[in-house]
Amino acid sequence: MPEIRSNPITGDWVIIATERARRPEEFTRAAVRRQLPARDPECPFCPGNEHRTPEEQFRVPGPDGGWLVRAVPNRFAALTPEGDAGRHVNGFRTCLDGVGLHEVIVETPAHDASPAALPVAHVERVLEAYRHRLRAFYKDRRIEHVIVFKNHGEAAGTSLVHPHSQIVGMPVLPNQLRARLEEAMRHWGNFGECLYCRTLREELREGVRVVAQNGSFAAFVPYAALSPFHVWVFPRHHSAYFGDVTDGQLAELAALLREVLARIGVALNDPDYNYVLRSLSPQEGALKYFHWYISLVPRVTKAAGFELGTGMFINTALPEASAEFLRRVAVPG
Ligand SMILES: [Zn+2]
Ligand SMILES: [Zn+2]
């Protein structure tokens, strides 16, 4: 019989197709990506084309006056940086001026780099850029919420192949965040404990869905994973604000994220994926009931009408089997 599992953190119901579940191997991509040049003269993110992006906001300097990572405003920003986030209420309709910040974080000068194969020290520099921009975005008083995300591959919604992430600061709190905050607060009210700390403790105790871990972080497939190989990365220490991570923790996060990406890359043959870093603001950093975390979803299946119509998901792989498959693959060190 299929199981309908509940995810207490998101409030989602997920149908786990236990009987017609596919074996983890069946999600491995057949085709390989086409070979990319190390540098593309047409690519706005390649070295030598810096003038083709809007004014640089941050860089991790590299050798010979170059750079390792840079952050630039998105030329096709979803929101505009100028103006006040004025709210207009007209009868029962509400509208905000579309003010916000939207930047691209170019992760490496190498056009053909695979994020899963970057050296850990370089992933650390990328995370350092996330931390720097997140802190800067939250200093803007118009910004209510900041999200960092990565689209890797066409199925994940990217149009430029040069490795990059995006960061968006918006003047509203997204509904997904509101729902998670409400669930977290309810759990705190009922049990007097952080739902995220409890989830992590249980996952580490059971062990069957754990993918990888180190001293400061753990990666696991959620009990009610919304799709095959869906992975959450949680800090072991309680914190609601990513901007508070120390340099030491950043290094450990880089090692773990790199390992998870490498495991997924090897196991599924470089699939398209998205990841999202969820964090509250510095003012909310000390909240006792919320955790910042990273959610990673390989695009190996497609959400369709059922998902659209219910907000529920059908996962055609057992979360425990997904985790075991990712644990077992041999990854280069
Ligand atoms: Zn490029
Ligand atoms: Zn916690």
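Since every read-out is calculated from the coordinates, none of them should be taken as a lab result. Since we're looking at a predicted model, the values are computed, not measured. So basically every Cβ, Gly included, is an ideal-geometry build from the backbone, and we count neighbours across all protein chains shown.
Couple of notes before you dig in:
- Mean-square fluctuations from a GNM of the chain, with a 10 angstrom spring cutoff on Cα atoms, peak among GLN213, GLN166, GLN176 at GLN176.
- Efficiency of FRET from Cβ geometry, ALA303 and GLU42, R₀ 35 Å, rounded to 0.05: 0.60
- Per residue, the Cα convex hull of segment 198-266 amounts to 98 Å³.
- Distance between modelled label sites at LYS288 and ASN175, nm, 7 Å Cα→Cβ extension: 3.2
- Most mobile of GLY48, GLY265, GLY309 in a GNM of the chain (Cα contacts under 10 Å): GLY309
- Sparse packing (at most 11 other Cβ atoms within 10 Å of the Cβ) combined with a DSSP loop state is found for the following trypsin sites (Lys or Arg not before Pro) in segment 3-67: ARG20, ARG34.
- Debye-sum result for segment 1-81 in log10 I(q)/I(0), which assumes one identical scatterer on each alpha carbon, at q = 0.13 Å⁻¹: -0.78
- Approximate shape of segment 166-211 as ellipsoid semi-axes (Cα gyration tensor, √5λ), whole Å, largest first: 26, 18, 7
- Long-range HN-HN contacts of THR18 with modeled amide H, under 5 Å: GLU3
- Gyration tensor (alpha-carbon) shape descriptor, segment 184-333, a/c threshold 1.5: oblate
- Summary of the geometry: segment 288-333 and segment 125-169, compared by the centres of their Cα atoms, lie 21 Å apart.
- For segment 254-325, the spread of Cα positions along the three principal axes, ordered from largest to smallest, is 39, 37, 21 Å.
- With Cα atoms as the point set, the radius of gyration and Dmax of the chain evaluate to 20.0, 62 Å.
- Chymotrypsin sites (Phe, Trp or Tyr not before Pro) within segment 208-311: DSSP coil, no more than 15 neighbouring Cβ in 10 Å: none
- Unpaired cysteine residues in the chain (no second Cys Cβ under 4.7 Å): CYS95.
- Taking 24 Å as the straight-line reach from the Cα of LYS139, the lysines in range (excluding those fewer than 8 positions away in the same chain) are LYS150, LYS288.
- Comparing HIS88, HIS187, HIS230 in a Gaussian network model of the chain where C-alpha atoms under 10 Å apart are linked, the largest mean-square fluctuation is found at HIS88.
- Helix-derived mean residue ellipticity, 222 nm - over the chain, DSSP H n ≥ 4, -39500 (n - 2.57), to 500: -8500 deg cm²/dmol
- By the Kirkwood approach, averaging reciprocal distances over each pair of separate Cα atoms, segment 89-172 gets a hydrodynamic radius of 14.6 Å.
- Put the Cα centre of segment 49-88 next to the Cα centre of segment 179-234 and the gap is 34 Å.
- Estimated inter-spin distance, THR246 and ASN90, nm [label 7 Å along Cα→Cβ]: 5.3
- Couplings 3J(HN,Hα) of segment 188-205, computed from phi: 4, x, 7, 10, x, 9, 6, 4, 6, 4, 5, 4, 5, 4, 5, 4, 5, 5 Hz, in residue order, whole Hz [Karplus 6.51 cos²θ - 1.76 cosθ + 1.60, θ = phi - 60°; x for Gly and Pro].
- Within segment 24-107, the chymotrypsin sites (Phe, Trp or Tyr not before Pro) that combine a DSSP coil assignment with at most 10 other C-beta atoms in a 10 angstrom radius are PHE76, PHE92.
- Note on segment 61-106: Kirkwood radius taken over Cα pairs, Stokes-Einstein applied at 20 °C and 1.002 mPa s, translational D equal to 162 µm² s⁻¹.
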